[in-house]
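What follows is calculated from the coordinates using simple rules that are stated; it is not laboratory data. In this text, all values refer to a predicted model and were calculated from it rather than measured experimentally. Cβ placement follows ideal geometry from the backbone for every residue including glycine, while neighbour counts extend to all protein chains displayed.
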Amino acid sequence: MSNSTLDRLLSRRSVKLVGAPGPTEADIESALACVVRAPDHAKLRLWRFVLIRQPDIVAVGEKAISIMAAAGKPMTPEKQASTRAWLADLPLLIGLAYQIHHDHPKVPEIEQTLAMGAGVMNFQNAMHAMGFATYWSTGLATFTEDMPEYLGFDTLEQQFVGFLAVGTPKNAVVPAERPDPWSIARRWQAD
């Protein structure tokens, strides 16, 4: 028996090279509605997404290049060129962060991190269901203070976790090679 929802989930994979058309505002709103349905202990509503379109995506790339150079970790000329080429056609880039609730009495920070990951995955699955592809990138100076600050995040109160590239695959999407599902699970029984 076929289950179209399960089949769709099983066909999802990350696709870096995406272009136009990108999602509409209605598509984005639907995907954001999926984000707020992710597990959210104590209803913290911690997700913070910054939506970036062209030409601002190109500006983010240039800023990442300059941040990395200023940090003493310059990108090679080849990496700069490939970054610029990747971002030039990208219809939507999303800065991803979550509000940190320090010392929450019920929800430790690890649980908040997991809620963020679940929300982003819901967004990715929603985009995949609409025929788009996504790529979660932790490049582009993600692990600096300068990039999240450039995007308007408060690095003391919000944890930046990278970017999500969203668009239509430029090439045919080849199924990803996946491990045997049982290779990651085991059964447990009490003695």
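Summing Cβ point charges (Lys, Arg +1; Asp, Glu -1) relative to the Cα centre of region 24-128 gives a dipole of roughly 160 debye. For a 26 Å ceiling on Cα separation, which of these pairs sit above it: 73/170; 63/106; 16/63? Over 26 Å apart, Cα to Cα: 73/170; 63/106. Inter-part distance, region 135-177 to region 47-66, computed on C-alpha centroids, equals 9 Å. Classified by the C-alpha gyration tensor, region 55-134 has an oblate form. Its axis ratio a/c, with a ≥ b ≥ c, is 1.5 or above, and a/b does not exceed b/c. Each other residue within a Cβ distance under 10 Å of residue 17 adds +1 if Lys or Arg and -1 if Asp or Glu, for a net charge of +1. Cβ-to-Cβ counts within 10 Å put 140, 114, 96 in ascending order as 114, 140, 96, the fewest first. With K and R counted +1 and D and E -1, the other residues having a Cβ less than 15 Å from that of residue 110 yield a net charge of -3.
The sum of -39500 (n - 2.57) across all DSSP H runs of n ≥ 4, divided by the residue count of the chain, sets its helix-only mean residue ellipticity at 222 nm to -11500 deg cm²/dmol.
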